[in-house]
Amino acid sequence: MSTNKVSTDNILSRLNIKALNEMQQASIATIADHNNVLLLSATGSGKTLAFLLPLVKTLRADKPTSQAIIIVPSRELALQIEMVFKSMGTGLKITCCYGGHKRETEENNLLQPPALLVGTPGRLADHIRRGNITVDTIETLVLDEFDKSLELGFLEEMSFIIGSLKSLNKRILTSATEAVEIPSFIGADDLVKLDFLGDKDSDTGLAIKTLLSDGKDKLETLFRLICTLGNRSTIVFCNHRESVERTSAFLKDKDIVNVFYHGAMEQQERDAALCKFRNGTSNVLVTTDLAARGLDIANIRYIIHYHLPGSEDIFTHRNGRTARMEASGTAILILSPEEKLPDYIDPSTEQIELPASAPLPDKPQWSTLFIAAGKKDKVNKIDIVGFLSNKGLLKKEDIGLIEVKDFFSFVAIKKIKMNETLRLIKEQKIKNKKVKMAVAK
């Protein structure tokens, strides 16, 4: 029997991780000794590695069949797990399955069965129904953020998938909340529970602070706070879509560059907003709780709770956007005079005093270019860099993060170069095709 030979030390070295945290160590030991494990740990505490490391030890390199499956609630989480697994350098194949792009691409990848599958319930169920996945050889099931999958209404698909896996002998469930009943179809009897929720704040380097607002309307207080924090990456959480747009407009009027994000926006608008936040075109994202899960955006320094979260659960997930893994971050709750601190927050939490005045933060140095061509047009990142270098005369350091979607792409370009670049590329073709190119709205 030829199990995977890559050592944990080599994997950690590839991922630039010096040591595993206490939760990860406990998870690896427990998963090795027990067949059914429930891991409860805060968002951003390193759960992905906590189940991938022991999972890798069970995968056999000499078996040309699928041996394990990971079911996740969102496309973003599936892609994040795929990226971590590939970075581990095991030499084992992984295929990522999710809606919103061509099924045929995945079908081609599944012709040679991957050792590990990761995907969303709907797309995985579709592949199983079409006979694209060798279900009989899958022995390990991971339900990552299973509470969210249930919350999003994937019960039927999950039940179908798990019912199709006749050879299961190991089940690993993860969640950042405890308040969810585990459905019987998962078949997780004699479940061993690891609960690391109690030490979420100390474990993740998260500082929690409060800020008292002068009046019921907190907009002026928020503006002064952002000026005080400077141009660090910040997410502002509001409870309603209308509040998101109102808050974003107020900040814009005050000359604070920001983007907003909520569920009523078109997909392209959502993609543009998140891309601008990721690539440094905007350091401030104003959003609803839609952004509290599944968005993997690196180096977020501040979480501002403009409105108090509806529950401790929501508070946990909002805060999980910062202080991920070894990084530190700060969550700030803005309280109006009549609002009380929720009882799940320590009453001795540090209170921030804002200075009498603070300068406007420096403007971001990047701008985002929209290109109306993407993967479906056979356009990739290398094509875009080549096009902007040759036709737009940009140097390597003038081009930032590039995101290629199915039908369009976004490119970060140094703001001082944008107008000249647009002038140069105006009549040019990319991949022999003339497409719309403009500053992303």
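The values are calculated or read from the model by the stated rules, or taken from the named source; none is laboratory data. Small disclaimer: the values here were computed from a predicted structure and weren't measured. Cβ atoms come from the backbone with ideal geometry, glycine included; neighbour counts cover every protein chain shown.
Some notes on this structure:
- Being surrounded by fewer than 21 Cβ atoms within 10 Å (Cβ to Cβ), of a type in the set (S, T, Y) and assigned to a helix (DSSP H, G or I) is a condition met by no residue of region 248-258.
- Cβ pairs under 8 Å, 6+ apart, first in region 300-315 and touching a residue at least 12 places away in the same chain (Cβ under 8 Å) and surrounded by 18 or more Cβ atoms within 10 Å (Cβ to Cβ), second of a type in the set (F, W, Y) and in a loop (DSSP other than H, G, I, E, B): F315/Y344
- Residues of region 8-36 that are touching a strand residue (DSSP E or B) at 6+ places or on another chain (Cβ under 9 Å), assigned to a helix (DSSP H, G or I) and surrounded by 13 or more Cβ atoms within 10 Å (Cβ to Cβ): M23, A26, S27, T30, I31.
- Contacts under 6 angstrom Cβ, first residue in region 169-195 being on the phi < 0 side of the Ramachandran plot and free of Cβ contacts under 8 Å to residues at least 40 places away in the same chain, partner crowded, with 19+ Cβ neighbours inside 10 Å and assigned to a helix (DSSP H, G or I), 6 or more apart: V180/D147; F185/I162
- Answer residue from region 367-405, given it is within 21 Å of T105 (Cβ to Cβ) and charged (D, E, K, R) and is nearest to the chain's Cα centre (by Cα) among those: E403
- Pairs where the first residue, in region 51-69, is within 19 Å of L111 (Cβ to Cβ) and the second is in a helix (DSSP H, G or I) and of a type in the set (A, V, I, L, M), C-beta under 9 Å, 6+ apart: S66/L110; S66/V135; A68/L55; I69/L124; I69/V135; I69/I161
- Yes/no for P309 being within 22 Å of I226 (Cα to Cα), at pLDDT 85 or above, in a loop (DSSP other than H, G, I, E, B) and in contact with a Ser or Thr (Cβ under 6 Å, 6 or more places away or on another chain): no
- Residue check, T174 of a type outside the set (K, R), under 23 Å from the mean Cα position of the chain (by Cα) and closer than 30 Å to T134 by Cα: yes
- For region 202-230, the set of residues classified as at pLDDT below 85 and among the aliphatic types (A, V, I, L, M) consists of L206 only.
- Flag if V385 is among the β-branched types (V, I, T), in a loop (DSSP other than H, G, I, E, B) and free of Cβ contacts under 8 Å to residues at least 60 places away in the same chain: no
- Qualifying positions in region 48-77 - in a helix (DSSP H, G or I) and either more than 23 Å from G153 (Cα to Cα) or modelled with pLDDT of 90 or more (or both): T48, L49, A50, F51, L52, L53, P54, L55, V56, K57, T58
The rows are residues; the columns are (1) at pLDDT 90 or above; (2) assigned by TED's automatic domain parsing to the domain that holds E107.
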{"position": "P121", "(1), (2)": "yes, yes"}
{"position": "T140", "(1), (2)": "yes, yes"}
{"position": "F146", "(1), (2)": "no, yes"}
{"position": "F160", "(1), (2)": "yes, yes"}
{"position": "L165", "(1), (2)": "yes, yes"}
{"position": "L168", "(1), (2)": "yes, yes"}
{"position": "A179", "(1), (2)": "no, yes"}
{"position": "K200", "(1), (2)": "no, no"}
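- Test: Q365 is within 30 Å of M437 (Cβ to Cβ) and among the polar types (S, T, N, Q): yes
- Single match in L222, L141, L150, L194 (criterion: touching a strand residue (DSSP E or B) at 6+ places or on another chain (Cβ under 9 Å) and either under 30 Å from Y306 (Cα atoms) or in a loop (DSSP other than H, G, I, E, B) (or both)): L222
- Within region 161-175, one or more residues are among the basic types (K, R) and in a strand (DSSP E or B).
- Boolean, K441 is basic (K, R), part of a loop (DSSP other than H, G, I, E, B) and touching a helix residue (DSSP H, G or I) at 6+ places or on another chain (Cβ under 8 Å): yes
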